[in-house]
Amino acid sequence: MNYLAIFFAGVFLCNCIPHLSSGLQGRSFPTPFAKPRGIGNSSALINVFWGLFNLLVGLLLLARHPLIFITDLGLAVFVAGMLVIGVYLAIRFAKVRE
């Protein structure tokens, strides 16, 4: 089992949530394609595409490195990936939006 792949599956799946939700609501939100990068807003359509890309990458990583959702170290690593990117993005975008 590749724990690094599972960690990044959590990162990508967590990161797809704000982009898909913003894009589906028709709202702009920062992406790596904005100017300035990661600070400026991208269109709702770009956010839908970026969110879907993150979703697909996360699902592909999980398909190649499946988790057993019992008491497994892989599950802890997956949740750690989600937690790390979630906390980082919450702090980063709180500063951008202020």
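The values are calculated or read from the model by the stated rules, or taken from the named source; none is laboratory data. Computed from a prediction, not measured in an experiment: that's the story for all the values here. Cβ sites come from the backbone with ideal geometry, for glycine too, and all protein chains shown count toward neighbours. When the accessible area is computed, the model is the full protein with side chains, heavy atoms only, and any ligands, DNA or RNA have been set aside. Shrake-Rupley method; radii C 1.70, N 1.55, O 1.52, S 1.80 Å.
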Counting all Cα-Cα pairs in region 1-52, those more than 17 Å apart amount in percent to 38 percent
If each part is reduced to its alpha-carbon centroid, region 50-87 and region 34-48 end up apart, in Å, by 24 Å
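Using Cα-Cα distances under 8 Å and only pairs 6 or more residues apart, what relative contact order does the chain have, in percent?
Once normalised by length, the contact order is 39 percent.
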Placing +1 on each Lys and Arg Cβ and -1 on each Asp and Glu Cβ in the chain, then taking the dipole about the Cα centre, the residue among LEU62, MET82, PHE49 whose Cα reaches farthest towards the positive end is PHE49
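Under a 1.4 Å probe, what is the accessible area of the chain per residue, stated in Å²?
On the way: 6110 Å² over 98 residues.
Per residue, the chain has an accessible area of 62 Å².
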Checked against the structure, the computed Rg and Dmax of the Cα atoms in Å among (1) 12.6, 35; (2) 13.0, 40; (3) 14.3, 43 is the one labelled (3)
Size of charge dipole - the chain - debye, nearest 20, with Cβ of Lys, Arg +1 and Asp, Glu -1, no other charges: 360 debye
Highest-fluctuation residue, ILE85, ILE17, ILE68 considered, GNM on the chain with Cα pairs under 10 Å: ILE68
Using Cα atoms only, what is the angle between the long axis of helix 44-64 and the major principal axis of the chain, expressed in degrees (0 to 90) to the nearest 10? 10 degrees
Helix 73-97 vs. the chain, principal-axis angle (Cα, 0 to 90°, nearest 10): 10 degrees
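Rounded to the nearest percent, how much of the accessible area of region 1-60 (1.4 Å probe, protein heavy atoms only) is carbon and sulfur? Kindly include the intermediate steps, with their values, before the conclusion.
Details: 2430 of 3350 Å².
Carbon and sulfur atoms account for 73 percent of the accessible area of region 1-60.
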Give me, ordered by chain and number, the residues 5 or more places off PHE29 or on other chains with an amide H under 5 Å from its own placed amide H. SER42
